[in-house]
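Working notes, structure below.
The values are calculated or read from the model by the stated rules, or taken from the named source; none is laboratory data. This one's a predicted model, so the numbers in the text were calculated from it and none came from an experiment. When we count neighbours, we look across all protein chains shown, and the Cβ atoms used for this are built from the backbone with ideal geometry, even at glycine. Accessible surface areas use protein heavy atoms only, side chains included; no ligands, DNA or RNA. Shrake-Rupley method; radii C 1.70, N 1.55, O 1.52, S 1.80 Å.
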Amino acid sequence: MADVNVDISKLPEDARLKLAELDLELSEGDITQKGYEKKRVRLLASFAKNNPVQDTTNDPTTPSPQTAANRRAQRRLTREDNRYHSEIRTEAVMQALAMHSKKVPVMPLPSKRTSNYYQAYPQRQQKDRQTDSSSDDDSLYGDDSSRNFNRGGRSRDSGASSSSSFSDVGAPTHIPNQERPRSAAYVNYNIPGNTSRQALADVMQSSRHSHHISQPPDVTNNAKSIRQADRVGRGVSSVRVSGNVVLDEDDSAPRHQGKVSAKIQQLLNTLKRPKRKPLKDYFVDEDVAALEMPQVDPNAPKPEGSILSPVVGDALIVPSGLPRNLEAALHRYGSSTYKANAVTVLDQNGKPSINLTYGKLHSKTQKIAYNLLNKVGQKGEAPIKPGDRVALVFPNNDPISFICAFYGCVVAGIVPVPVEVPTSKRDAGGQGIGFMLGSLNVTWALTSDACYKGLSKTASGEVVSFKGWPKLNWLSVENMSKSPKDWQPSPRTSEDVPCYVEYATVKDGSTVGVTVTRNGALSHCRTLTVACNYTEGEIMVCVLDFKRDVGLWHGILCSVFNGMHVIFIPYSLMKVDPASWMKMITRCKASVAIVKSRDMHWGLLAQKDHKDINFNTLRLLLVADGANPWSLTSCDAFLNAFQSKGLKPEAICPCANSSEALTVSVRRPGRTSNSATGRGILSMQGLSHGVVRVDSENSLTSLTLQDCGQVMPGAVMVVIKIDGPPLLCKTDEVGELCVCSGYAGVGYWGLQGITTSTFQVQPVHPDGRTIGDKYFVRTGLLGFLGPGGLVFVCGSKEGLMQVSSRRHNTDDIIATVLAVEPMKFIYRGRIAVFSIEVLKDERIVIIAEQRPDCSEEESFQWMSRVLQAVDSIHQTGVFCLALVPPNYLPKTPLGGIHLHETRKKFLEGSLHPANVLMCPHTCVTNLPKPREHRPDVTPSAVHVGNIVQGARMAWAQGRELGVQEDEPDTSKKHQFLTEILRYRNQTTPDHILFTLLNSKPTQGKSWPPQVQAQLTITCSQLHKRSERIGSMLMEKGHLNTGDHVALIYPPGIELIAAFYGCLYVGCVPVTIRPPHPQNVSTTLPTVKMIVEVSKSVAILSNTLIVKLLKSKDAAGIVEPKSWPPILDTDDLPKKKLAVVYRAPTPEMLCYLDFSVSTTGMLAGVKMSHAAATALCRSIKLQCELYPSRDVALCLDPYCGLGFSLWCLTSIYSGHHSILIPPSEVETNPAVWLTAVSMYKVRDTFCSYGVMELCTRGLGTSTAALKARGINLSCVRACCIIAEERPRIQLTTSFTKLFANLGLSPRAVSTSFGCRVCVGISLQGASCPDPTTVYVDLRALRNDRVTLLEKGSPHSLCLMESGKLLPGVKVAIANPDTKGQCADSHLGEIWVSSSQNATGYFTIYGDESLHPDHFDAHLATGDTHTSYARTGYLGFVRRTELTQSDGGRHDAIFVVGALDETIMLRGMRYHPTDIETCVLRSHRKICECAVFTWTNLLVVVVELDGNENEALDLVPLVTNVVLEEHYMIVGVVVVVDPGVIPINSRGEKQRMHLRDGFLADQLDPIYVAYNM
C-alpha cells in the first residue's frame, strides 16, 4: 500500500497522538500490518492534499544507467562475483530500501573495546569521520514492512560502550522546542557519528520513562573473591543502597550511569512482538511447552497443474565413424593424426607455448599404463592391479601431465581418482578428500616432478602425512621406462566396471566419490558429442578445472573422443589477464569455448582488450554454471557487448550439471527457433512456496530465469518432491530434477545407503503407482520442466534453506546482499550464506569479508541495510550477519569460498568475526506459548489442585532434638556458650580446642609444601584471653551491656577469642571481613557500611588491620574520624575480668550475623543464645562430634554456618578444630588436603571456592601428592558449606580427581543454610548416602517437579542438600498463595526450628517490614506451625533409603534462590541452568553470569582467550540458550576473566554485576545487542 508523504512534525497535536496510539497498537500486536496501513493512510489523507507526493523517479538511491555502467567499469576485479551480479536486482533492492526511508531506526550500537583491537587485522585504521546523516550512502532506513524491526548504524567509542549514530533520512528536521508524541517509534533522533555519552544519555532520557529499582531495605557487600583477590572490585560499586533508586538522580553528576540501560531501552523499542492470548488453564502440563509449528499461510499459492509426465529427450543417434571406446579413440588419433595437437597450455605470459600432440599422448599413456601394471611394486611396495584406485594429484596449470596420467590409468584398467594438490593451508576441505581416499583404499598417488617437489617433506625427504589422508606412495608420471613395442593390456571381460571416480561434496560437507563406469563414460561422450555437435579437429578453449565436472567431461573426455584440440587457460593467468580466453578464440579461430559466467564477467571488465576480439568462428559458448539463476545477467551483458564482434545469440548455451547425474541438460548450439530457448519472470514468493507463478517485470520480488537447454538425447527426466518419498510433482510445482540416462553415475563408492536413495530412485504417482521399472538419479538441482522439454533450474538442494516452511536459495540471498552498495564495505564474491538449525528451524547466516578501510559505523549501516533488503525482497529475517577481516574465509583450491568449512568454523566458534549482528527476536517465531498466571486463583484452589496432581504433601523433618540420658558430656545442661567455655576451662583446661595452620615456605624442589601449626589454643588459654579482651572492652572502651562491637579480624583464633570476650561482658559481637590490602578502595566502604548499619560503638582488631584502617589509602576513602573507637587486641591488659556476664534469658541477643545473599544484598539477622546453642547441639548430634574428634575447617568464618563451625561448635562439643584460612589454599592448594591426611581427620568442612581451587590447582599433581603420603581414606564426611543449589559437576570432578588418594565418593556432600536459619541440613558421617535425582527442566520452569531417567532429554541432575538437622522441620509452600505444595511442585522452602534467627537487624531499625520472614503460617495444610521463609525454592522427595528411626528418608532438594529467578514469558528460569549451558557452548568461556533488565536477558561471559575471539561467542551463546531454554538473549557481554563478582562462599553476585553493567563499569571487550 502506498504511503502518504506528510511531514509528521507539522501535524496538529491530536493527529500526532492518534498516530502514536496507532503505532503502539501495531507494536503490541493489537492490529495487523494491513489494518495499520489502512488506518494510517485514512488518517493522513486529509493532510496530504496540500502536500503532493514527491516524484521519486530521480531518487538518488537508484543509479542511472550511465552511472551504473561507469561503476561497473571501475569495479575491482575479484573472484566469483558476477555470478550473483544483477543490475535488475540492484535497482529492486535500492527501490525497496528507498521505501523504508520514511522511518528512522532506533538500534543500540555494540560496544567494542578499542584498546587492543584485532591482531589479525593490523592494517585496519580507524578514521575519524564526520558522517553526514542525510547523505544517501551513509543513511539508514527504517523498516516499514510487516515485520516492523527497526535498525540503525553503529559506531565505536573509546570507553566501555559506544555512542549512537542515527540518520534521519526523509524525516523532518528536529526542532528542539517542538512537542512530539510519546510513542518511541515516532521519536526522531538526528545525532551525528561519534556523539558524546552525554548526548546519548540526554536523548534517551527524553524518550523513555524513568525506571525505578525497588529493593528490600538492605545494603550490600562486595567481598573479595576466593579465586582472585581483586575479582570483585574491578570497578563494580561495592555498596548497593536499598530503597527506590532512580538511575539518573543527580543532575549535576556526569550522566553516564544510564547509558547502557538507554541502549537496552532502544533495543526494546525495536522488539515488537504480538501479544499472546492468555491460556485457559492455570496448571500447565509439560507438553504445553512444545514449540509452535509454523503457521501455514492460507493465502500461499498452491500448485494447480496436472501431474507431470516423464519428459523424454530426443533419440540418441550415434554418428557413424565415432570410436568404439576411449582407448580406440586414443589409438585412432594417435596413429592417423599423430602430429595434430591434442592439448595446448598457455604459459604465464599468455602464449600457447606448451603443446601435446595426439602421437605423444598415445605413447605416454601406453608408457604409463605399462609401468603401473609391471614396474610398480618391484621395490617391495604394494603393486597396482587392474581395478585398483589411484589418486591423480596435479596442479591446475598442468593439464598435459594430468591427461596422460588419466588415460594411462584408463588404458591399464586402473581407476583414476583426480583430487586437488594438498599444499596450501588456506585450501579447505583437504581432510574430507583424505577420508574419501581412505575409503577407496588408495595407496598410490600419481603426480608430476614439479608438483612432487612442491609438496611438503619431512626431514628424511618423504612427503609429509597430510591430515586425514591415508599413507600414500608417490609416483611421478615423467621419465618412466618405455613399454615393449607389442605390449597391450589384458582385455577386459566387462565394460560395466568403474572407469573413474569423481569427488563431490554433499550438503553436510562430507566428501564422497561418485563412480562412473566405462559404459557410462562412453555413453556420456557420445551424448555430449550429439548434443554439442562436436567434430574432429575442432578447437576448444577451456577455462574450467579439468579434474572434475564440466571441465573433465568436455576438456578431457569428449575432446579426445572426438579428436579435438583443447587450449587450457590456467586460473592463475585468468587473474592476471581475464581476457586471455577471448584472445585465444580470436587468435586460434576456436569454435567452442567452455567458461563460467564468472569468466564472462571478467572478460567484460577488460575493456581495453575488446577492440581486437572476434567471435565469428565461435559456434558454442558453453556456460557451465548456466543453472545458476543469476547467470542470465552475465549472458545478456556479454551478448550485448560482443554481438558486434561476431558473437551469435544462438552460440550462448547454458547447461545444467550435477556430480551424480553428470550433464543434466544443455542448450543445443545453432538452434534459432522460438521453442529452442525460453525465459520467464517468476514470483520469488511463489518459488518460496515451491510453486511456479509468473510475475510482472518491474516487481521487486521477481526472478528472471533462462532455460538450461533441453533434456539430453536418450535421457528421461522427471521432477519429484524435495522431501519425503519420490512423489511426482505437478507441472507448475518446483521440485528436484531426476534423470534416467545411460551415462549417469552409478553410486557413491562404499556408501550403499545413500547410494540407494540417490542413484536408485523410482518416482511414484500420488496414488502409489510407479512410472516404470527404470531407476532415476537425483541431480540435487531444483527446478521445473517447461514446454518443449526446456529445463529451468531455480536453485540447488545444497543451497536450499527451508525457513518456517518457506524455501530460500543461498544464491538469491547473495544476490540481494550484493545489491546493497557492496563496493564500499565488503569484497564482492567473498560472501558465504548458509543456514543452521536452531530451535527446530533453519536460520539464515550471512558472512562477508569486510574491506580494511571500512569504519565500524559504516559497517553497521551497511549490515542494517542488508537486513532490510533481505526482509523486503525475500520476506524472511537474517538470524546472524557477520563481517570478517579481508582474505579470511576458508578457500577452495580455485580461490572460492569453502562454504562447509566456513559453516563449521562458525558453529565451533573459530571464525573470529570483526563485526556481528544477531537478530533472533526477528527470526525466531516458533517459541512456546508464554505461560499466563491467573490472578483469580485462591490458595485453596492451588491446594486442591496440588493434591490432585501430587502424591503427598511436601514436608520433612529431622530427628527429635531431645536430651539423651546416657550422654556423658554435662555441657548439655548449660544454655549459654560462655558457661560452656567456662565449664571446659574448669574440667579440661589443657584440652586443645583450636589449631591454626599455614603452609611452610617450600625448601628446594620439595612439593607439596609442608603444613605447620601456626598457633594452638587450649580451653584455659582461650578462656583467659577472652577475659582479658572483655576487660579491655570495659576499661578502654567503656562499653555497656548490649553495645554492639565490630570484630574485624582475618580468619584465625583471634576472632574466636574476641567473640567470647564480647559475650563475657554482655556486648553483641558483629563479625566483619577485613578490607583487602590490595583492594582497599572497593572493600573498605563495605566494612564502613556494616559498622554503621550494625550500630557498632567500637571496633576490635589486631595491629595489622588497625594500621590498614588508619593508613593514607584508607583515609582517602573513609574519613578516619568517622570510625568508632578502635581497640587493638594485640595490646591487652593483664587485668582479670571481675565477673562474667550472664544473660537473663536464653532468648536475648547473642550476636548479629551479617551475610551477603546471592542477590548481592547484605542484611543482618539477630541470633539469640538459645538459637546458637540449639544449632550447636543439632550439628553435634548430626556429625557425632565429641572431644576426641579432629575436625578440619577450610572456609570463611564471618557469617552463616561457616561462622558457627569456626567459632561455636568446638566450644559446645569440645572437639579439636583445625583451622585453615582459605587464603592459605590460594597460596598452596594442597594445604587443606595435607592437613586432613596429616591429622587423619574424619570430618572436614569447606566451601565451593576451596574445592574449586583444589580441583584446578591439583589436577595434575595427584601422583605427587600420593608419593608424599597424602591419604584421604580417613575422611568419612567432606561437607561443603553453601547457600545454593549443590554444584554437582564440581563435586563429581573433585571426587574423581582425588579417588586415587583414597577419597570415598559417598564422603563428599553438601549442606544448606540461609539467613533466617543458618543451619538447615548437613550430611553427617552416619547419614544415608546423598540422593541424586533427574528432573525435567521444562516442567521446572512451570514450578512442577517431574522425575526422569538419567540421560533423558531436558533432564537436570540435582543432588540433595544434606540431611535435615535434628529438630528442623521444613515445608514446601507456594510463595505467592502460601498454600502447602505437594511433592510434585516446586515451592519455597519454609523452616521451623529452635535455631531460627529471631529477625532482621536493619539500618532503619524497623523489623515490621518483613514480619512473615520469621513468623509465617501456611494458608493450607499445617496452618498452626510458625515457619521462617528461606527465600529459596526447592522440593521434597521420599526416597528408598532408611533413616535412623527406621522410616523412609525424605530428601530436600534446593533448586535456587527465589529472588534470583528470572521470570520471562510467564515461566521461571534459574540462572545457574542458563549459565551451565552457556559454559558448555565454547571452551574459551571460563565463567558466566546472567540477569535480566527490562525483560531482556543479559548474558555476561568471561573470555579466557584473545580479544579477537570475543565475537565468536555471541552467536554460540545466543544459539545454546535458544536451544536448551527457549529464551532469546537480549544482550551478550564479553568481559575479561575475573570481572564477574563472587562473594565469600564462591557464589556469583549477579545483582552487583548488573549494577556495574548499567553503570558502564565493566570495561567489556564487546557488548552485542541482539535484535
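Could you grab the pairs with beta carbons closer than 8 Å, sequence gap of 6+ or different chains, first residue in region 662-678 and assigned to a loop (DSSP other than H, G, I, E, B), second one of a type in the set (Ser, Thr, Tyr) and open to solvent by 20 Å² or more (accessible area, probe 1.4 Å)? These pairs meet every condition: ARG667/THR677; ARG671/THR677. With respect to (1) open to solvent by 50 Å² or more (accessible area, probe 1.4 Å); (2) farther than 23 Å from ASN562 by Cα; (3) in contact (Cβ under 8 Å) with a residue 24 or more places away in the chain, the lone exception for PRO383 is condition (3).
When residues in region 395-404 are screened for being out of contact with any Cys (no Cβ under 6 Å at 6 or more places or on another chain) and within 19 Å of TRP444 (Cβ to Cβ), 5 of them pass.
Of note, ASN349 does not satisfy the criterion of being touching a Ser or Thr at 6+ places or on another chain (Cβ under 8 Å) and either open to solvent by 40 Å² or more (accessible area, probe 1.4 Å) or in contact (Cβ under 8 Å) with a residue 40 or more places away in the chain (or both). Checking the stated criteria, SER401 turns out not to satisfy the condition of being of a type in the set (Gly, Ala, Ser) and in a loop (DSSP other than H, G, I, E, B).
Of everything listed in (1) of a type in the set (A, V, I, L, M); (2) part of a loop (DSSP other than H, G, I, E, B); (3) in contact with a Gly (Cβ under 6 Å, 6 or more places away or on another chain), the single unmet condition for MET1551 is (2).
For region 1485-1501, check the following and say yes or no: at least one residue is assigned to a helix (DSSP H, G or I) and open to solvent by 20 Å² or more (accessible area, probe 1.4 Å). No, because not a single residue in region 1485-1501 is assigned to a helix (DSSP H, G or I) and open to solvent by 20 Å² or more (accessible area, probe 1.4 Å). Any idea which of GLU495, GLU478, GLU502, GLU538 is surrounded by fewer than 21 Cβ atoms within 10 Å (Cβ to Cβ), in contact with a helix residue (DSSP H, G or I) (Cβ under 8 Å, 6 or more places away or on another chain) and at pLDDT 90 or above? Every option except GLU478 fails the conditions. Just one of the listed residues (SER805, SER835) is at pLDDT below 85, surrounded by fewer than 22 Cβ atoms within 10 Å (Cβ to Cβ) and among the polar types (S, T, N, Q), and it is SER805. Would you call SER1217 part of a strand (DSSP E or B), within 18 Å of ARG984 (Cα to Cα) and of a type outside the set (A, V, I, L, M)? Against the criterion (part of a strand (DSSP E or B), within 18 Å of ARG984 (Cα to Cα) and of a type outside the set (A, V, I, L, M)), SER1217 qualifies. Taken together, the criteria place SER634 among residues that are touching a helix residue (DSSP H, G or I) at 6+ places or on another chain (Cβ under 9 Å), more than 13 Å from VAL541 (Cβ to Cβ), open to solvent by less than 20 Å² (accessible area, probe 1.4 Å) and part of a helix (DSSP H, G or I). Here's a check for you: in region 557-584, which residue that is open to solvent by less than 10 Å² (accessible area, probe 1.4 Å) and more than 30 Å from HIS331 (Cβ to Cβ) is farthest from the chain's Cα centre (by Cα)? Among residues in region 557-584 that are open to solvent by less than 10 Å² (accessible area, probe 1.4 Å) and more than 30 Å from HIS331 (Cβ to Cβ), the one farthest from the chain's Cα centre (by Cα) is MET582. Screening region 1118-1183 for strands (runs of 3 or more DSSP E) wholly inside it with 3 or more residues that are open to solvent by less than 20 Å² (accessible area, probe 1.4 Å) and in contact with a Phe, Trp or Tyr (Cβ under 8 Å, 6 or more places away or on another chain) returns the ranges 1149-1156, 1162-1168. Residue count for region 508-539 satisfying the condition of being under 24 Å from GLU420 (Cα atoms) and either among the aromatic types (Phe, Trp, Tyr) or touching a strand residue (DSSP E or B) at 6+ places or on another chain (Cβ under 8 Å) (or both): 11.
Let's see how each residue does on (1) under 19 Å from LEU782 (Cα atoms); (2) surrounded by fewer than 21 Cβ atoms within 10 Å (Cβ to Cβ); (3) over 50 Å from the mean Cα position of the chain (by Cα); (4) at pLDDT 90 or above:
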| residue | (1), (2), (3), (4) |
| --- | --- |
| ASN614 | no, yes, yes, yes |
| GLY646 | no, yes, yes, yes |
| GLU650 | no, yes, yes, yes |
| PRO669 | no, no, yes, yes |
| ARG679 | yes, yes, no, no |
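The condition of being in contact (Cβ under 8 Å) with a residue 40 or more places away in the chain and out of contact with any His (no Cβ under 9 Å at 6 or more places or on another chain) holds for only one of MET863, MET801, that being MET863. Could you go through region 583-599 and let me know if any residue there is in contact with a Ser or Thr (Cβ under 8 Å, 6 or more places away or on another chain), more than 25 Å from HIS808 (Cα to Cα), hydroxyl-bearing (Ser, Thr, Tyr) and touching a residue at least 24 places away in the same chain (Cβ under 8 Å). The answer is yes; a qualifying residue exists. All conditions but one from (1) open to solvent by 10 Å² or more (accessible area, probe 1.4 Å); (2) in contact with a Ser or Thr (Cβ under 9 Å, 6 or more places away or on another chain); (3) part of a helix (DSSP H, G or I) apply to ASN628; the one that does not is (3). Once region 1419-1441 is narrowed to residues that are within 44 Å of the chain's Cα centre (by Cα) and among the hydrophobic types (A, V, I, L, M, F, W, C), the residue that is farthest from PRO1286 (Cα to Cα) is ALA1428. Could you check region 569-613 and list, in sequence order, the residues that are of a type in the set (Val, Ile, Thr) and assigned to a loop (DSSP other than H, G, I, E, B)? Result: ILE569, ILE613.
Taking residues in region 901-918 that are among the acidic types (Asp, Glu), and partners anywhere that are assigned to a loop (DSSP other than H, G, I, E, B), the pairs with Cβ atoms closer than 6 Å and at least 6 places apart or on different chains are GLU901/ALA428; GLU901/PRO890. With the requirement that a residue be open to solvent by 10 Å² or more (accessible area, probe 1.4 Å) and closer than 25 Å to THR756 by Cα, what does region 516-529 give you? Selection gives THR517, ARG518, ASN519, LEU522, SER523. Taking region 1031-1047 as the range and being touching a residue at least 60 places away in the same chain (Cβ under 8 Å), crowded, with 24+ Cβ neighbours inside 10 Å and under 21 Å from PRO1197 (Cα atoms) as the test, only ALA1046 passes. Only a single criterion out of (1) crowded, with 24+ Cβ neighbours inside 10 Å; (2) in a loop (DSSP other than H, G, I, E, B) is not satisfied by PRO1229, namely (1). Residues that are in a loop (DSSP other than H, G, I, E, B), at pLDDT 90 or above and of a type outside the set (Gly, Ala, Ser) occur at least once in region 442-452.
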